[in-house]
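Taking it in order: structure first as structure tokens, then the write-up.
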């Protein structure tokens, strides 16, 4: 077991699990909404859950809040206001706290976005995925490309910071059509792009009935084309799939990758907390109904202390996703372990040309970034 | 209590795979009350998991059955089970040495098959009484008169006294037992002479040490006696003797004429070698029993542990397996590509597969095997004759005067309608027809074929083009000089010794191309491009490239659910563990068998 000298920064993840429809590629804990959205009861449950988590915060202020889903924008501005007011009543927030909410482009109203902004949300993340009608259909999205554009425009009216989720290497996609998507995203005024290579995950419709996707070389051509375009527009890739204009990086996600702590409330939410017993990971029950019933007593599905060997691995699995890597001292600050706990994998990775260590910084090389799985696997206990 | 010699019958069942031997044995056991209904799991005698799965008998098993005949006499019937596959004919000869007679069991629909012919001849040569039995007479397609004719014409035994049974329904089985008692002679032997017991089989049990199956030829073997192994001269105190019913049932003694087991606290794996004679230390016999011919393995392959630290475990496992597998030979081999392992000799491909599967299952080993090869004979330029069991050890061409490859005589028995494709296959395998005979409905053919051609995919193809009806038996005949060359495989310009093979020059180009193409399929794309080449000496005859993979990254990984992403990485890593690192290239295990599969994959049309 390890002890850190100073607790890491703390963030809060809030999971709102409902969607109008489950997308065929989605493996998140999302549930199709049947009947009325129980937003009143759910916010009450979230706050009760948070009450139980307060001791773990150890008086740290929240550096970021992320309201994800599901489709959080199904929740009314009033519900989000009550949620965030409730959070503020329980925990301090840093003065420039980042509060992100995820929204889907279907049927959005300017009014609702203004309400979110008034509630304190200062960053909107829109699940556009593509602007091409054909791709939207293939991805089972319920919005049209016009709705996507309109959603971003409306978002920009209320928010300075807007992220778009985009996917590439879609069924039947050519480099040209992928670049057209990127251009539409750039033209919309987004400040951050989460740019995912479509991956077929287990337990999804796509896994059961796989679409025909661009193969290795075609996928590579698409990736090269879109990356070049985003870079030329002044975005910097700071993580495998995250691109931002200067200063627009997502602080909440950076906290994950820098192995910070986070509370997780809501159905299926995960938390990572540094405690006297070591690093603890928690997850909440995944079924919304079950969560609603048990939130007051925490609704914990699993809670485990991460072993020393696993701690070093988990740190690397997160921190090496960052293109800039991490300062050497961050490793011991976050894990309480000497950097040598990463040996012999560190040396092996350097020897294989996957990692470089310079001026007190450790970062993946270009090769290591492309073969991140191979790099991280070296650290598996 | 030991039965009177006159009331003992020791017999084997000769049968082709699937002709119902195990089912018949089960009926015998049932009729004699060896097991109650609850204990009768299907096919009791096939005790190894592998045997049950494949439906074949690999090792000899035995069962001692009390049979109450209709005349009121009580007999002890000792059934010594025999394997049915051509690769195990040696095991058959061992079983036969313990018997006075054999039942020749033939499927009433399928008719006589080549291995049964070969095994019947072995039984007749060994002086056994062979009793023909036609099984599965309840099948609609059964044709007993045709099968009778085949038995008479092909094997040449009289079928007047032929038993007609259905082992499945039990029809005729009791009559068969009476026939058996009448036809098969009782054993002879002198119970007061000095002890002579032949070890038919031995295996290692983790609790009691070596267990040996013996046939007592003369004298009496008592529990508690001090015995001496003829070959080693070492003595042991007998802890237990008994018979299998098929459960092990301890007895006071085993007498001349009987078959049973001996446990004598032998802890060293090779303490009771198969074929050895057991005698009494105090009153030894004058001479050992003839024992068995030392059998020569015909097919060799390297077996390497996938993890190098398993080398010692592999040695121990091979040692234990070889105890009752006289044909299994092994010696340490070191390969630049695969590290330390063993060069193993097998009777044939099935034998090799079974040994490998047993090592993996029973001993939990993860193995890499190289492509099997036959033994070549070379004459060096300074006139020395050498056997080459490993292509990698073939000397450079300038030191070789002549390379000779082994030829076999293949006996094939096939229904007339398939004769065309079978002949085509044999000719395609460089075979030369020696004899052809039309017998009843079947054709019996004899071919002279290079063994290397048969080892690879001959048997499977013979089976498939005859819809399973063709059967096949072979014997080594001689070494024949040929234009044979060593084909090397290079990965990223480096020769991989474990992939070398010796081929006929005429087919070297084709084989080289097939192998690199096959390797291109089985070697996964990795971080860097992998160049594959086939070469004879320094001459490259085929090449292919495994293109580099572009990336291996998880697109999404949030702090949230780390466990699932981690599992994915662990899966990738586990996949790699099964691969062998060669320079910077990771080669999966199946690549080392690419030589084999290449010929299969391309010709199967």
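Read-outs: derived from the displayed coordinates by stated rules, not from any lab. Note that the structure is a prediction, hence the values are computed from the model and not measured. So basically every Cβ, Gly included, is an ideal-geometry build from the backbone, and we count neighbours across all protein chains shown.
Please report the relative contact order for chain A, taking Cα pairs under 8 Å with a sequence separation of at least 6, and give it as a percent rounded to a whole number.
Working: 747 pairs, mean separation 70.3, N = 381.
Dividing the mean separation by the residue count of chain A yields 18 percent.
Please find, in a Gaussian network model of chain A (springs between Cα atoms separated by less than 10 Å), the residue of A:98, A:239, A:39 whose mean-square fluctuation is greatest.
Largest GNM mean-square fluctuation: A:39.
Rounded, prolate or oblate: which fits the protein assembly as shown when a ≥ b ≥ c are the square roots of the eigenvalues of the alpha-carbon gyration tensor, with rounded for a/c under 1.5 and prolate only if a/b beats b/c?
prolate
Chain B: Rg/Rh from Cα coordinates, Kirkwood Rh? Each step should come with its number before you reach the end.
Values: Rg = 26.7 Å, Rh = 26.5 Å.
Using Cα coordinates only, the ratio equals 1.01.
Report, to the nearest 10°, how far helix B:451-465 tilts away from the longest principal axis of the Cα atoms in chain B, using its own Cα long axis and a range of 0 to 90°.
It works out to around 70 degrees.
Based on C-alpha coordinates, I'd like the Rg and Dmax of segment B:87-220, in Å.
Spelled out, the Cα radius of gyration and Dmax of segment B:87-220 are 17.4, 54 Å.
Within 10 Å of each residue's Cβ, count the other Cβ atoms and sort B:16, B:178 from fewest upward.
Values: B:16 23, B:178 15.
Going from least to most buried by this count: B:178, B:16.
Please compute the modelled spin-label separation between residue B:312 and residue A:54, points set 7 Å along Cα→Cβ, answer in nm with one decimal.
Roughly 6.0 nm, to one decimal.
Run lengths n ≥ 4 of DSSP H only: what is the helix-derived mean residue ellipticity at 222 nm for the protein assembly as shown, with -39500 (n - 2.57) per run over all residues, to the nearest 500?
Values: 28 runs with 300 residues, N = 986.
That calculation yields -9000 deg cm²/dmol at 222 nm.
Take B:171, B:387, A:354 and order them by how many other Cβ atoms sit within 10 Å, fewest up front.
Numbers: B:171 16, B:387 13, A:354 24.
Sorted ascending by nearby Cβ count, the order is B:387, B:171, A:354.
Using Cα atoms only, what is the angle between the long axis of helix B:114-125 and the major principal axis of chain B, expressed in degrees (0 to 90) to the nearest 10?
So the helix axis and the longest Cα principal axis differ by about 50 degrees.
How big is the gap, in Å, between the Cα center of segment A:1-51 and the Cα center of segment B:166-210?
When both Cα centres are located, 73 Å separates them.
Among A:70, A:86, A:353, which one moves the most in a GNM of chain A with springs linking Cα atoms closer than 10 Å?
Most flexible of the set in this elastic network: A:353.
Using a 10 angstrom cutoff on alpha carbons, build the Gaussian network for chain A and name the most mobile of A:78, A:41, A:269.
The residue with the greatest mean-square fluctuation here is A:41.
What average count of beta carbons from other chains do you get within 10 Å of the Cβ of residues in B:562-573? Write down the numbers at each step before the final one.
Values: counts 10, 6, 4, 3, 7, 1, 4, 10, 3, 1, 5, 6.
Other-chain Cβ atoms within 10 Å of each residue's Cβ, averaged: 5.
For B:81, B:205, A:160, which order do you get if you count the other beta carbons within 10 Å of each Cβ and list the fewest first? Could you put the intermediate results ahead of the total?
Working: B:81 24, B:205 9, A:160 12.
Arranged by neighbour count, lowest to highest, B:81, B:205, A:160 become B:205, A:160, B:81.
Restricting things to Cα coordinates, could you compute the convex hull volume per residue of chain A in Å³?
Working: hull volume 52.9 nm³, N = 381.
With only Cα atoms used, chain A gives 139 Å³ per residue.
FRET efficiency for residue B:387 and residue B:235, Cβ-Cβ distance as r, R0 = 41 Å, nearest 0.05?
Working: r = 37 Å, r/R0 = 0.90.
According to the calculation, E is roughly 0.65.
Given a Förster radius of 30 Å and the C-beta distance between residue A:329 and residue A:200 as r, what FRET efficiency does 1/(1 + (r/R0)^6) yield to the nearest 0.05? Please report the intermediate quantities before stating the final value.
Details: r = 39 Å, r/R0 = 1.29.
So the FRET efficiency works out to roughly 0.20.
Can you compute log10 of I(q)/I(0) for segment A:1-149 with the Debye formula, treating each Cα as one identical point scatterer, at q = 0.14, 0.19 Å⁻¹?
Debye intensities relative to I(0), on a log10 scale: -0.74, -1.18.
Measure of size requested: the Rg and Dmax of segment B:142-243, with Cα atoms as the atom set and Å as the unit; please supply both.
20.5, 55
Say R0 is 41 Å: what FRET efficiency, to the nearest 0.05, do residue B:416 and residue B:178 get from their beta-carbon distance? Display every interim value, and only then the final one.
On the way: r = 37 Å, r/R0 = 0.90.
The calculated FRET efficiency here is 0.65.
With label points built 7 Å along Cα→Cβ from the Cα atoms of residue A:207 and residue A:37, find their separation and express it in nm.
In this crude label model, residue A:207 to residue A:37 measures out at 2.7 nm.
Could you calculate, for segment A:308-381, the ratio of the Cα radius of gyration to the Kirkwood radius, expressed as Rg to Rh?
On the way: Rg = 10.7 Å, Rh = 11.8 Å.
A ratio of 0.91.
Cα centroid distance between segment A:137-161 and segment B:265-323, in Å?
Measuring centre to centre over Cα atoms gives 76 Å.
Given labels modelled 7 Å from the Cα in the Cβ direction, how far is it in nm from residue B:509 to residue A:300?
Placing both labels 7 Å along Cα→Cβ, they lie 7.3 nm apart.
Radius of gyration and Dmax for segment A:13-89's Cα atoms, expressed in Å?
When restricted to Cα atoms, segment A:13-89 yields Rg and Dmax of 13.5, 41 Å.
Quick one: check the C-alpha center-to-center distance for segment B:466-511 versus segment B:330-362, whole angstrom.
Between the Cα centres of segment B:466-511 and segment B:330-362 lies a distance of 18 Å.
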